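A short worksheet on the structure shown next.
The values are calculated or read from the model by the stated rules, or taken from the named source; none is laboratory data. Since we're looking at a predicted model, the values are computed, not measured. Quick reminder, even Gly has a Cβ in these numbers, built from the backbone with ideal geometry, and neighbours come from all protein chains shown. These accessible areas exclude ligands, DNA and RNA; they are computed on the full protein's heavy atoms, side chains included. Shrake-Rupley method; radii C 1.70, N 1.55, O 1.52, S 1.80 Å.
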Amino acid sequence: MSERLSPIFIHDFEQPIWQMALEPEKGLLALELRDLKEASVSFSLLDLHTQILVFDRYAFEEEWWMSIVTIKDNLLLIKQYHDSQQPEKQGLLAINIESMEVQWWLQNFQLLQLNSLSVSGKQHGESESIVKHYEINSGQELATDLVDKSNGQEQSIKAKYPTHYDSESPHLETIKSFIANYFNVKAVGACDYLEVEDLIVISWFYSEGSSYANVLSVIDSEGNIVIEEKIGTGLDAFAADTFFVLKNRLIFVSNKTQLIVYELFEGA
């Protein structure tokens, strides 16, 4: 009988993890943390290979109106909102994750498209707005005829994300029956489902009084439950994309503030 797996990384940030951005080639995971009571936002970065926080709670003076866009190579791209009532008034910053300094900063720039090596958006001036393109690593403006050439590279390593089955899916009842057989619990609402190697990963919900609880389970090919984590309680809605797998690592957020990583199998 297979033994239950144990996490290789657990960290409670004590603030809600609002969103995440992954750089799969280097195994870097950036997190946006928001404290709603203090109206503050900060950013942390985890190296999934070493399970070490590269930095934690990095913040700006105008911190509340910042949001993660993506992480590319050694740069963390962050969108800056100048006016909460006018979301088109934006800026875009690139933070070098090694020096923790701003490598470049596009002001009055409304991001429209993010490509592998460039960003495109509206550059707002006093009288008009012009679509411009910038190279990500340098922040230098690109001619339009060079943009397509810059987007030819694709990352060879990709994370695996689950399929979300909502209440309208014809497959949901099959998965609910599967959950009832294994856990003797009636699943409700929706679920996330992924098969990776010889494992099945399911994030599912059940009623808990007037609210819902969210459980993440991993079952091996012999039908053994190797991971079972209650990752949410007191929920009023069914979340999607509640986990992902990068190589052999299962990554998810528990109870909004806790990041947990499991190693599912050897290798990779």
Task: Residues located in the range 238-261, provided they are hydrophobic (A, V, I, L, M, F, W, C) and open to solvent by 40 Å² or more (accessible area, probe 1.4 Å) - done: Phe238, Ala239, Ala240
TODO: Output the number of residues of the range 23-56 satisfying the condition of being open to solvent by 30 Å² or more (accessible area, probe 1.4 Å), at negative phi and not polar (S, T, N, Q).
DONE: 12
TODO: Test Lys176 against the stated conditions and say whether it is in a helix (DSSP H, G or I), without any contact (Cβ under 8 Å) to a residue 60 or more places away in the chain, open to solvent by 40 Å² or more (accessible area, probe 1.4 Å) and out of contact with any Gly (no Cβ under 6 Å at 6 or more places or on another chain).
DONE: yes
Open item on the list: Here is a check on your reading of the model: is Leu111 under 16 Å from the mean Cα position of the chain (by Cα) and modelled with pLDDT of 90 or more?
Closed with: no
Task: Residue list for the range 186-201, restricted to those being assigned to a strand (DSSP E or B), in contact with a Ser or Thr (Cβ under 9 Å, 6 or more places away or on another chain) and more than 17 Å from Glu173 (Cα to Cα) - done: Leu199
Open item on the list: Being surrounded by 14 or more Cβ atoms within 10 Å (Cβ to Cβ), over 27 Å from Glu25 (Cβ atoms), in contact with a Phe, Trp or Tyr (Cβ under 9 Å, 6 or more places away or on another chain) and modelled with pLDDT of 90 or more: is that true of Lys89 here?
Closed with: no
- [ ] Look through the range 202-225, keep the residues that are touching a residue at least 60 places away in the same chain (Cβ under 8 Å) and in a strand (DSSP E or B), and return whichever of them is surrounded by the most Cβ atoms within 10 Å (Cβ to Cβ).
- [x] Val218
- [ ] Kindly indicate the residue of the range 1-22 that is of a type in the set (Asp, Glu) and on the phi < 0 side of the Ramachandran plot and also most open to solvent (accessible area, probe 1.4 Å) among those meeting that condition.
- [x] Glu3
Open item on the list: Is it the case, given these coordinates, that Gly234 is open to solvent by 30 Å² or more (accessible area, probe 1.4 Å) and either over 27 Å from Phe265 (Cα atoms) or free of Cβ contacts under 8 Å to residues at least 40 places away in the same chain (or both)?
Closed with: yes
- [ ] Mind telling me which of the residues Glu228, Glu195, Glu154 ends up being closer than 21 Å to Pro24 by Cβ, charged (D, E, K, R), modelled with pLDDT of 95 or more and open to solvent by 50 Å² or more (accessible area, probe 1.4 Å)?
- [x] Glu195
